[in-house]
Each structure stands twice: as structure tokens, then as C-alpha cells.
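Structure first, commentary second.
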Amino acid sequence: MAEIRIEGVSKVFGDTYAVRNANLTIHDQEFLVLLGPSGCGKTTLLRAVAGLGMADAGQVLIGGRDVTYLPPGERKISMVFQSYAIFPHMTVRDNIGFGLRMSKTSKTEIKRRVDEAAELLHIEDLLERRPADMSGGQRQRVAVARALAMQAEVLLMDEPLSNLDALLRLEMRAELKRLLREVKATTIYVTHDQIEALSMGDRIAVMRDGVIQQCDEPATVYSEPVNQFVGSFIGNPPMNFIDGVLRRVDTGLVAEVGDGFQIPATSEVPDELMPRVDAPIRLGIRAESMVTSAEPAEGAIEVVISVVEPLGAQNLLTIDLGDNRLKVSTHPSFDVRPGQTVWLQLPAEQIRWIDPADELVLGTGAR
Amino acid sequence: MVAPTVKRRRPLTPYLLIAPALLFLAAFFGYPMVQGLILAVYDDEAVLPLLEDPGIEAESLGTLPQGTGLTVLDQRANLIDGELTSDLLTEEWFKVSALDSNDQTVEGWAPETRIRIREEADDGTPLAGTVRTKLAAGADPQTTLFQEASESADTAAKLDARTRVRIVDTATLELWFLVTPQDDETEVDQSLEGWAPSRFIQIFGEGELGRVDRGTEGQFTSRFIEKMAEDRFFGPAWRTTLLLMVLILPVQFVLATLMALVIHARLKATSIFLYIYSIPMGMSDLAVGILFFSLFTGNGFINSFLEGIGLIDEPRSFLSIDTRNWIIAAIVLAELWRATSIVMVIIVSGLQSIPDETLEAAELFGASYWQRVRYIMLPLLRPSIQVALILRTILAFQVFAVVIALGGGEVVTVLANETYRQYFALRNTNVASAYAVFILLLSIASAFFYLRAVRTQDELSST
């Protein structure tokens, strides 16, 4: 059992908080992705768990053991570094076996586990070579093999794929996912790539300015962001935001946007919406949640397409709605060109209601 | 395989840029160094050729090495035109005009030994004199005048003793000797017999024996190197130089590594240590020598301190002729103090080139601090240590000023000191040069040794 509990961890550099009061519980054998833009404190939080930078406040518990002030070597963890941090003067075999040698494992056991790890990463034939004449992808594999050979219950990964080219990254992403399911380690994986996070993680913790914004399963983080930042950071294209005013009409609540367009809400609107009638409101909606049609339809808004970007699997339309610029994805078979008028439907159940003042999504309990 | 049709053009610019540097190297480094090397192995006065006839243009019969003992068989005087060398054996001849016994005016040449000068011009030119009396019994009482300034020339006239003569001309002649070797020690052709100018021959006693004073032709020789090797200070000099190296270098590298680790640990205020450690780098080695002399000298700090705390009653002399070991200890301390910081600076820069993540990875995989030093830092420091070792070893072969300041160069002597002694005190440029070449060869050998022994290239070409 290696549950990681991060309780109220803060880390201060100078007079700025790199991490502020982070609370996270990573379950045994769970794959948690720490996601956020660069400088958001995700690596700092990971290093606090690793022990490479002590937390200034709070506690880190691994498997119920308080490791807050233990040196990294005694935390029974293993890690893949962003720069791989392979020892350039050692052969691949010595690199992979380094941690085992330090813990005075027997020679035969070291050899067995090094061979095993090398086999997992398909680098058996590199074992006697030195890192100097190896490619980035091969070094990456060595770094992962070194971490796996430790057979630690906790595995930390600091942007392990960010130094690889796009194609190799795609390949390694799937392979890492397979590997980590096999080794059954509790994993914290730091990345700034939201696709990596969505595709790999059991849960995603989104960070911004040192604060964890949301920690949920990928699908939830994607469809139910707790605030505008999470919605805009996750997904490509990011979530659309439409500013308007909340009105009460005969049929219920509507958001009045642009030149009198009315976007209706569902009957099951969050309670928090009620007191906001006649106050500014912001709508959030995913590009693929909107329905476009060439013909007028019930409740559809008439809009003009300004840009069409064919992306292969989908076409991305840019549409100006009042002062708001929307990105709408459509099926490639929907043949449109810039300047054409189409009818846009915003399904009420896909709309997220956001308070423009604090940018929190209403009804998610973020408040 | 198809040969490439387009020839790659070599860029010329780098070569143009490097040309001044090459010229500079050749003029101010290559040339003096080659000259120094030549001094050590080439004797430009090694042999003297013996000539068939007494004349510069005559054919050479063979050569005799400098110092060969000689028997002088004959001598002849040759006219010199103009040029006078200081160590020339010369004869002055006068052309005189006088009235002979028959009252005839005669003219001819006579050697200066036959004429007594009675009258000189203001600048010393002889103007008139008298013929000397011959003292030897049975000799021709008359003095012969020759047609030319040579005893083998025809007789022009004969003059009685005490005849007054007018000196109309003078000629300077150089003596030439017909010599043959008279020497059992040197391996020379004993049957050789030929002429040589007096300026190259040293004559003993009455003039029957002599030796070759110096030669006119150069020759490669191991003489100077042998002289260096046989020098009574040579053994002590290189043994002391090596001893100092063996005593200093290991301690120095351990100290420098520890100092570098202290600085690299980035504790609070470690940059102050860097500055403190670097102070000795700004001091000249002679100044450091004098500083340590003032520590160890009779009424220096150490004696004052020991007296002050009551350990000794009267000052001990550490740097005297009887305390060779103390002098060596003082030199070791001074060199450690002086030259450790440069090693430290090199190692610090090497440590800084190790990525933080590499060390963190080692820490994370369970390596203790000393294990990280042992398995990560020291192996990755090998290129830096190699550079520092080469630098320090070469400088250790040249150690001089500190030794002179602390030991005076007599009781404790080193190779550089012997070079200095041979050049200045003994005026023996060639042997001094041999010492210098010896130091150079040791330096080159040690550099090669380190490049081989501390292999780094194949494993650290990239990180």
C-alpha cells in the first residue's frame, strides 16, 4: 500500500508562494497527473513529494509514513527527471542498476532486475553502451528503466516526454501507460500538456499559480471544470466563453448575449443562478457541444462564419457572436465557407454558468 | 559507389586568422625554444681542423677535439690584414731603412725582437730605433734584413748591431703552429699533423707542448648532458623536486576537492569561502616564500608563538643548514598554501558543470553524500582533475622562488635552482640549458602520462 497524502503543503521562494496549501490524496496504484502551465508550481509540488526541496509548511505522507523531512533516498520512491539525468560516465546497465547498488542489493538480483527493466523498455541491446552516443528517445527509455528497476511503490515523473519529438511522444505516451499499469506503482506525473494528462491520468490535478484548482477524473475535468481557467486550459480548442446578462422570461431563465440573442437555460439550473437575474453572466461551452445547421432551426441563433479551419477529423469554425469569438467544431462533411450564414444551437445541458467576477463555475461546489 | 563530383572547398578564413598567431608562436616561442635545445646538445667550438699549410684557405687534413694535447713541431708567422683578435699570438715586423757597414742605404724587414725602438710618434707609431746586439755566443753578430716580413724570405741585407734605423713600415703577423696530437686519452688520429692558427692553440712552457683551446667547427655532443648528470647537485635537485611533488600534490588535490565541495554545497555565505580561498592566487610565489620565511625564521611568528605559550625557552632555528627536513616542511606548507586555490577553482568550475538533476537523481536513488562524491562527482570531475594535474605537475617541476626564499638554494635545491645556478653563478649556458631541457622533457612526459592515465574523452563526449 502506498497512498500518498499531501496535506497543506506550501513552498515559498523569496516572497512568492510556488505552492500554496496543496491538499491531495493519491490512492494506491493510482496514476495522478499534475497539470498546469509552466510556473504554476506543479514541479515544485512534485519535488516536495520527492524530497528534493523540503516543504515549508504541511506534511507529505507516503503509505501512512510521514516523510516530510526525510531525505529523498529514504522515501522509497523513484523518479524520472525531465532532463533524464542519466549518469553520463556509466553504461546503461550501471545507470539502471545504480539505485539497487546504492541499496546494497546482491549482484545477481541487480542483474535480474536490470535485465527485467531493460526488457520492459526494449533496450536490452543498449545495456553495455554509454549514454553519450544515444538518441533522446533511447535515453528516455534508460531513465524510465532506471526508475522501474527500483520497483518502488511510488513513481514520480517530471515531464518525462517533453524533450521528445511529437511522434516519439505519442508512441511513448501509450507505452508509458501500458508500463505503469503493469508495474502497479502509485504515480504522480507532471506535465503541461493537457492531451497527455487527459489520455494518461486516472485523475488530473490542475494547478495554477501554486494552487490546485481541481482534481478529478479526466472526463469530469474536461466537461465539468470548476472555473474558467480549467475550462480554458483543458481541451483543444479551449472552452468557449460568452458574456451576457441573465434574464427571466416566460419560459424560464435565458442568457441575453450580443444583440438580443437569447440562450435558454435548462429547467435544472443551479440554485446559485436564481439571485443573479439581470446581472452579468458568462456561459461556457465546448466547441463540439454546439450544433450547427445550414437551415434555421428551433432555438438556433443565426450567425456568420468568419474563418473555416479544416483539421482533418473536424472543421473548426470561428464565429463572432456579439463581442464574443466562438470556436465551433463541425464534421468535415458539413460544407461551409467563410461569410456563410449558419444556425447555431447551444444545448442547454452543455452550458456551464460562470460568475464573471470570480470566474467560478456555478453549481460545481467550487465555492 | 559514385565519387562526389563537387569538391568541398576548404574555408580559408580560419587559416588567415590563425596566421598571426602562428607567426607569433614561431618567433617568440619556437625559435627561442629550438635555440635553447640546441645549446644543450650542440657545442659550436667542438673541433679544430688542422690545415695542410699555414693559411686560412688551405685544405683541412682532419680535426682534433677541443682539449687535445699537442706537440708543436714548427711555427710560422702569417701576415694579418686588418682584423685583430685579442687572443692572437702575434709578431711585429718592421720595415727599416739604414746605412749598412759599407755606407750603402739598405731596406728590408726585421722582426721586432731585433730592433730596439728609440723614437715614437705621439700616437705610438715607432719611427726610429737601433739594431739589438746578439748575445748568444757563436751566433752571427749581424742582423739579417729580409725582403718580406718572413724568415723564409730572401735576405735583403745585413746590419751590424747598434746600427741606427728608420722604421718606415710595420706589419703584424700571426703565429701558426704545425702540431701533432700528444694525447693518450682522447681517441684521435695520432698520426695527424697539420697547421693551426695560434688563436685556437694554448701553448705551455717553452713552446713545445700545447692543447686545442677551442675549435672552429660545431658538433652535436652529449657532453653538457653528461656534465649535468655528473653534477653533484643534479641528484639532490631532481630527488628534491620529486619529493616535493609527492608530498604536495596528493594533499593539495584532496584539500582542493574538499574546498570545492564546501563551495559547491551552497551553504549560507559559502561565496565568502571562495574569496578567502582565492587570496593566495593573487600573490607571487616569491612573496609567499618570504611570507613563510617570516613565519619560520628565528624571531618569526612560530617561534614567538611557541615562546609565548611556554613550549620553548629560546627560538629554534627551523631554516638552518642542519634542519633540511624543516626547510622541506616549510616549502611544502608554503606551496600548499599558495597553489591549492588554483586547483580548487578548476574543480569548482568542473563541479558547476555537473547538472543539478544528475546529482538529485543520485540522491533520489539512495546515494549518500559521500556515495555521490565517489560515484558521480569524482568520475564527472575527471576532465577537470586531469587539467589541474597537468598544470600543477608542470608547475611543480618549475618550483623555484619559494625554495630560494625558504632555503637559499644550498641545503635544499631543485632543478630550476640548478638551472639558475649553472647560468648565473657558473656561467655555464650549455649545462643550464641541459637542465632546462630536462625540466621540459619531464613536463611533457607527465602531461602525456596524465592524458593516458586519466582517460576521459570516450565516455564524456556529451552529457
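Out of the GluC sites (Glu not before Pro) in the stretch A:271-367, which ones are loop residues according to DSSP with at most 10 other C-beta atoms within 10 Å?
A:Glu298
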What ranking of B:Val431, A:Val249 emerges when the number of other C-beta atoms within 10 Å of each C-beta is taken as an exposure proxy, fewest first?
-> A:Val249, B:Val431
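Rounded to the nearest 20 debye, what is the charge dipole size of the protein assembly as shown about its Cα centre when +1 sits on each Lys and Arg Cβ and -1 on each Asp and Glu Cβ?
3140
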Calculate how steeply helix B:285-296 sits against the longest principal axis of the alpha-carbon atoms of chain B, using the helix alpha-carbon long axis, and give the answer as 0 to 90 degrees to the nearest 10.
-> 70
With labels modelled as points extended 7 Å from the Cα through the Cβ direction, what inter-label distance (nm, one decimal) is found for A:Leu70 paired with A:Ala132?
-> 3.8
Report, in degrees rounded to the nearest 10, the 0 to 90 angle that the Cα long axis of helix B:382-397 makes with the longest principal axis of chain B.
-> 30
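Mind scanning A:Lys11/A:Lys42; A:Lys42/A:Lys327; A:Lys76/A:Lys177; A:Lys111/A:Lys177 and naming the pairs with a C-alpha gap bigger than 19 Å?
With Cα atoms farther than 19 Å apart: A:Lys42/A:Lys327; A:Lys76/A:Lys177; A:Lys111/A:Lys177.
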In nm, what is the difference between 0.36 nm times the number of residues separating B:Gln147 and B:Tyr369 and their Cα-Cα distance?
-> 69.6 nm
Return the FRET efficiency for the residue pair B:Leu306, B:Glu59: r is the Cβ-Cβ distance, R0 is 56 Å, and the value is rounded to the nearest 0.05.
-> 0.10
Filter the chymotrypsin sites (Phe, Trp or Tyr not before Pro) in the stretch A:61-126 to those in DSSP coil with at most 11 other Cβ atoms within 10 Å of their Cβ, and list the result.
-> A:Tyr69
If one computes the Cα centroid of the stretch B:89-149 and of the stretch B:337-371, what distance in Å separates the two points?
-> 94
In what order do B:Lys7, A:Lys327, A:Lys107 fall by count of nearby beta-carbon atoms within 10 Å, going from fewest to most?
-> B:Lys7, A:Lys107, A:Lys327
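Based on other C-beta atoms within 10 Å, arrange B:Val72, B:Val411 from fewest to most. The partial results should precede the final answer.
Details: B:Val72 21, B:Val411 17.
Exposure proxy ranking, most exposed first: B:Val411, B:Val72.
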From the phi of every residue in the stretch B:140-152, what ³J(HN,Hα) in whole Hz does the Karplus formula 6.51 cos²θ - 1.76 cosθ + 1.60 yield, where θ is phi - 60° and glycine or proline is x?
-> 4, x, 8, 9, 8, 9, 9, 5, 10, 7, 6, 6, 8
Three-way shape call for chain A based on the alpha-carbon gyration tensor, with the a/c threshold at 1.5 = prolate
Helix axis angle, B:429-453 relative to chain B longest principal axis, alpha carbon, degrees = 30
In the protein assembly as shown, taking the dipole from +1 charges on Lys and Arg beta carbons and -1 charges on Asp and Glu beta carbons about the Cα centre, the listed residue (B:Leu255, B:Leu440, B:Phe204) farthest towards the positive end is B:Leu255
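Where a number appears in this text, it was derived from the coordinates with a stated rule and is not lab data. Because the structure is predicted, anything quoted here is derived from the model rather than measured. For neighbour counting, all protein chains shown are included, and Cβ atoms are generated from backbone atoms with ideal geometry for every residue, glycine included.
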